Amino acid sequence: MSRYSPTFQNLLLQRVSRRGVLQAGLVLMPLALGGCTATLAPEPRRSTGGLGFKPIKGSAADAVLLPPGYTYDLVVRWGESLFPGVPDLDASKLAGGALLEPGAAELQSKQFGQNCDAKHFFPLDGRSDHGILCVNNEFTDDALMYPGHAGFAGASRGGSRAYVERYPHIVGVSQAAQGVSIIEVVRERGAWKRVKDSRYARRITANTPIDIGGPARGATLMRTKNDPDGV
């Protein structure tokens, strides 16, 4: 992108009102298994404009807290299949070591990633109720992925290393759970939902091939064992 290129925000505002998207309905992307870490927030300031909702206080509760008059829709969970023929992650089997099994990384690379952070909505046909949602899967939570397995969750650096040496393929599992998840969403009868088996569905992980451009192409810091040319 050049310094003269329009930002995503400006392009989006030209096609659909961001305000309209929010007023159409609130979309939340919570993690399975209560994967959101609650933190205390300062007392919110009273809104002087915008959507005009009543602010809520910060809370450490493991719950979705919304202003009066607002609702949320559960659109997708960590581990849900994004492609035909791929099973969903069975959360009830995690404590038994489901992600320690060979092939877990391949499956995770085709399932919705973990720990949602930034999200961008790209409208289809200029509509505020139908579009592509790109979700940043910021990091992985070992306590959720390998619950109850001594030597990993909450372990020291040395303990974690020993665990990885015992199950080397879990590195690939963590790499597959991070990155970007791309899904198609639509709002029908007042509720947001994911369009399953969408042709727009995609996963971008730590092992997704990319073509590096611009001044960084070929730079020393971009070179790796698998890509010694950094391109």
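Worth pointing out:
- Restricting the first member to segment 189-208 and to residues that are of a type outside the set (Val, Ile, Thr), and the second to residues that are part of a loop (DSSP other than H, G, I, E, B) and surrounded by 14 or more Cβ atoms within 10 Å (Cβ to Cβ), the beta-carbon pairs closer than 6 Å and six or more apart or on different chains are TRP192/GLY25; TRP192/VAL75; ARG194/VAL75; ARG194/VAL76; ALA201/LEU82; ARG203/SER109; ALA206/GLN178.
Okay, residues lined up against (1) of a type in the set (A, V, I, L, M); (2) surrounded by 11 or more Cβ atoms within 10 Å (Cβ to Cβ); (3) at pLDDT below 90:
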{"position": "LEU26", "(1), (2), (3)": "yes, yes, yes"}
{"position": "PHE53", "(1), (2), (3)": "no, yes, yes"}
{"position": "SER59", "(1), (2), (3)": "no, yes, no"}
{"position": "TYR72", "(1), (2), (3)": "no, yes, no"}
{"position": "GLU80", "(1), (2), (3)": "no, yes, no"}
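- Residue match in segment 93-110 (condition: modelled with pLDDT of 95 or more, within 17 Å of GLN178 (Cα to Cα) and part of a loop (DSSP other than H, G, I, E, B)): yes
The values are calculated or read from the model by the stated rules, or taken from the named source; none is laboratory data. In this text the structure is predicted, and so the values were computed from the model without any measurement. Quick reminder, even Gly has a Cβ in these numbers, built from the backbone with ideal geometry, and neighbours come from all protein chains shown.
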